[in-house]
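Visitor: Here you go, one structure.
The values are calculated or read from the model by the stated rules, or taken from the named source; none is laboratory data. Fair warning: this is a prediction, and the values are worked out from it, not measured in the lab. Every residue, glycine as well, gets a Cβ built from its backbone with ideal geometry; the counts of neighbours run over all protein chains shown. Remember, those area values only see protein heavy atoms, side chains included, never the ligands or the DNA or RNA. Shrake-Rupley method; radii C 1.70, N 1.55, O 1.52, S 1.80 Å.
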Amino acid sequence: MNKIFYILLIAVTLGSCSSYQKALKYDVATKMYDAGKYTKAIRLFEQIAPSYRGKPAAEKMFYMFAQSYYKTKQHYLAGYQFDSFTSSYPRSEKAEEAAFLAAESYSKLSPRFSLDQVDTNKAIDKLQSFIDRYPDSQYLPQANVLVKDLREKLEKKGFEIAKQYHTIGEWSRDYGAAIKAFDNFLADYPGTPFKEKALYYRFDSAYLLAINSIESKKQERLNFAKTAYASLVKFNESSEYKADADKKLASIEKQLQQFSN
């Protein structure tokens, strides 16, 4: 009987020591956080986080944990932790801030436009979800700017892809693919800041396709090039490309006269 009592006493003592150690680590981690020593705080938060879930101090601890990742620019982990925080504590006074910082953290993972844009699309979805959920948020102006910048990155990638077809056409003499690519780009991004450039290269592609066509298709393609010119000028009568476009239009008109004669 005494042996069982001592075993239980040792177990309780060890358990108390463990709880004391966790509480001590929590206090030290909080002090590290308050002192701006986020890397040291992270090491301690990582050790105690699993055992703190569901406890009264958990909300504050997980907020500090997420902020520590954010402050050390560990964007993926910060986004994940802020997401987890908003899911676990939707009524927290920090929930709105955490939702914004989660979305912002994902936006920082967005690569340069020439690379795969999976993370860019994910960030836009997160930001749009935040905007829809908190339409009166103090973070709304920042969220809108981030969405605008990310969408422009997608638009730039789309424009550059279309322009590549134009470049390929210079040696292949097949500008049909370029015209289609610019048509798709303009349909996908009607308000893009690259619209004027896209309209010019669409016209240029149509012009080059027409003048390099066989006779049986030339008249139709010259007329199409004229409509592409009209779209450019309608969008901006003072386009920086107008002088070049006007010269090409004159060439188009001259060649069309041959068909009239």
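Visitor: Can you report the number of residues in region 35-66 which are of a type in the set (Asp, Glu) and either buried (at least 18 other Cβ atoms within 10 Å of the Cβ) or under 19 Å from GLU93 (Cα atoms) (or both)?
Guide: Number satisfying all stated conditions: 1.
Visitor: Kindly check whether there is at least one residue in region 81-90 that is within 21 Å of MET61 (Cβ to Cβ) and hydrophobic (A, V, I, L, M, F, W, C).
Guide: Yes; the residues of region 81-90 include at least one that is within 21 Å of MET61 (Cβ to Cβ) and hydrophobic (A, V, I, L, M, F, W, C).
Visitor: Please work out which residue is least open to solvent (accessible area, probe 1.4 Å), limiting yourself to region 67-104 and to residues that are assigned to a loop (DSSP other than H, G, I, E, B), over 24 Å from PRO135 (Cβ atoms) and of a type outside the set (Ser, Thr, Tyr).
Guide: Here the residue is GLN74.
Visitor: For the subset of region 216-247 comprising residues that are outside any helix (DSSP H, G or I) and in contact with a Leu (Cβ under 9 Å, 6 or more places away or on another chain), which member is least open to solvent (accessible area, probe 1.4 Å)?
Guide: Restricting to residues being outside any helix (DSSP H, G or I) and in contact with a Leu (Cβ under 9 Å, 6 or more places away or on another chain), the top hit is SER239.
Visitor: If you don't mind, another one. Please state which one of GLU170, GLU196 is open to solvent by 30 Å² or more (accessible area, probe 1.4 Å), assigned to a helix (DSSP H, G or I) and modelled with pLDDT under 95.
Guide: Numbers: GLU196 fails: modelled with pLDDT under 95.
The conditions single out GLU170.
Visitor: Further question on the same structure: Against the definition (modelled with pLDDT of 95 or more and not in a helix (DSSP H, G or I)), how does SER114 come out, yes or no?
Guide: Criteria not met by SER114.
Visitor: Hey, among the residues in region 183-193 that are outside any helix (DSSP H, G or I) and in contact (Cβ under 8 Å) with a residue 12 or more places away in the chain, which one's surrounded by the fewest Cβ atoms within 10 Å (Cβ to Cβ)? Write out each step before concluding.
Guide: Here is the first cut: in region 183-193, the ones outside any helix (DSSP H, G or I) are 189-193.
Now narrow it down to the ones that are in contact (Cβ under 8 Å) with a residue 12 or more places away in the chain: 189, 192-193.
Working: TYR189: 19, THR192: 19, PRO193: 12.
Residue satisfying both the conditions and the ranking: PRO193.
Visitor: Of the conditions (1) touching a Lys or Arg at 6+ places or on another chain (Cβ under 9 Å); (2) of a type in the set (Ser, Thr, Tyr); (3) without any contact (Cβ under 8 Å) to a residue 24 or more places away in the chain; (4) part of a helix (DSSP H, G or I), SER213 satisfies every one except a single condition; which number is it?
Guide: Of the numbered conditions (1) touching a Lys or Arg at 6+ places or on another chain (Cβ under 9 Å); (2) of a type in the set (Ser, Thr, Tyr); (3) without any contact (Cβ under 8 Å) to a residue 24 or more places away in the chain; (4) part of a helix (DSSP H, G or I), the odd one out for SER213 is (4).
Visitor: Return yes when TYR63 is at pLDDT 95 or above, more than 17 Å from the chain's Cα centre (by Cα) and closer than 28 Å to ARG53 by Cβ and no when it is not.
Guide: Judged against the criteria, TYR63 is a match.
Visitor: Checking the condition surrounded by fewer than 20 Cβ atoms within 10 Å (Cβ to Cβ), assigned to a helix (DSSP H, G or I) and either hydroxyl-bearing (Ser, Thr, Tyr) or under 33 Å from the mean Cα position of the chain (by Cα) (or both), which residue from LYS180, LYS254 passes?
Guide: Exactly one of LYS180, LYS254 is surrounded by fewer than 20 Cβ atoms within 10 Å (Cβ to Cβ), assigned to a helix (DSSP H, G or I) and either hydroxyl-bearing (Ser, Thr, Tyr) or under 33 Å from the mean Cα position of the chain (by Cα) (or both), namely LYS180.
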